[in-house]
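For reference, the structure is listed below as structure tokens.
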Amino acid sequence: MASRLALFALLFAVVAISASGKTEKDVTQLQIGVKFKPATCKLKARNLDTVRVHYKGMLTDGTVFDSSYDRSDPIQFRLGQGNVIKGWDIGILGMCVGEKRKLKIPSHMGYGESGSPPKIPGGATLIFETELVEIVGAAPDEEEL
């Protein structure tokens with residue numbers, strides 16, 4: 001009877017965790033989900049553009065390991081130059097200013113098997129909620145179109 005009760009409790013816990021929606025599966029390929037796109041966009045982020053991006057980085061269990069929103073300070077970097085993880089160099093390409101994307105980045109396009117201790121374990125799939133704030137040097141009227 002005790003073993004049945006323990007089994008039932010274990011199954012209930014698994015179902016409850018699955019239903020909570022807070023955990024995500026590991027991925028083997030970059031996944032890019034557009035969460036918001038401005039109605040018009042004439043200027044998109046291209047390789048060699050310097051961009052400013054707000055982000056929230058999470059592990060698949062929902063643990064937040066970093067957030068520019070918390071600091072009110074978007075990250076600035078040059079696209080396609082390896083200044084950020086590969087998943088970002090690819091995942092930010094083509095974004096419009098104001099666009100929001102969710103990036104699911106496999107380990108080999110993130111921090112790999114070594115991770116980035118202590119917050120990011122080796123082999124971790126990374127989840128980023130991103131927002132392109134600015135393409136630095138673009139004319140303001142070009143950004144807003």
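Pull out the extension gain between His108 and Ala39, defined as 0.36 nm times the separation in residues minus the alpha carbon to alpha carbon distance; nm, one decimal.
Separation in residues times 0.36 nm, less the Cα-Cα distance, equals 21.5 nm.
Residue-wise, which Karplus ³J(HN,Hα) couplings in Hz belong to the stretch 30-38, taking 6.51 cos²θ - 1.76 cosθ + 1.60, θ = phi - 60°, and x for glycine or proline?
Here the 3J(HN,Hα) series is 4, 10, 10, x, 7, 9, 7, 9, x Hz.
If each residue of separation counts as 0.36 nm, what is the full-extension length gain between Ala138 and Lys25 once their alpha-carbon separation is subtracted?
37.0 nm is the gain from fully extending Ala138 to Lys25.
Quick one: how many lysine pairs does the stretch 35-117 have with C-alpha atoms less than 21 Å apart and a gap of 8 or more or different chains? Give me the count, please.
Lysine pairs, 8 or more places apart or on different chains, close enough: 22.
With a bin width of 10 angstrom, please list the P(r) values of the stretch 44-84 as percents of all Cα-Cα pairs, from the 0 bin to the one holding the largest distance.
28, 42, 28, 2
Quick check: from the Cα gyration tensor, does the stretch 63-105 come out rounded (a/c under 1.5), prolate or oblate?
Numbers: a/c = 1.41, a/b = 1.32, b/c = 1.07.
Rounded shape, in that the Cα axes give a/c under 1.5.
Over the stretch 58-125, what relative contact order in percent results from Cα pairs under 8 Å that are six or more residues apart? Write out the running numbers ahead of the final one.
Values: 64 pairs, mean separation 18.2, N = 68.
In percent, rounded to a whole number, it is 27.
No lab work stands behind these numbers, since they all come straight from the coordinates. What you see is a predicted model, and the numbers here were worked out from it, not measured in a lab.
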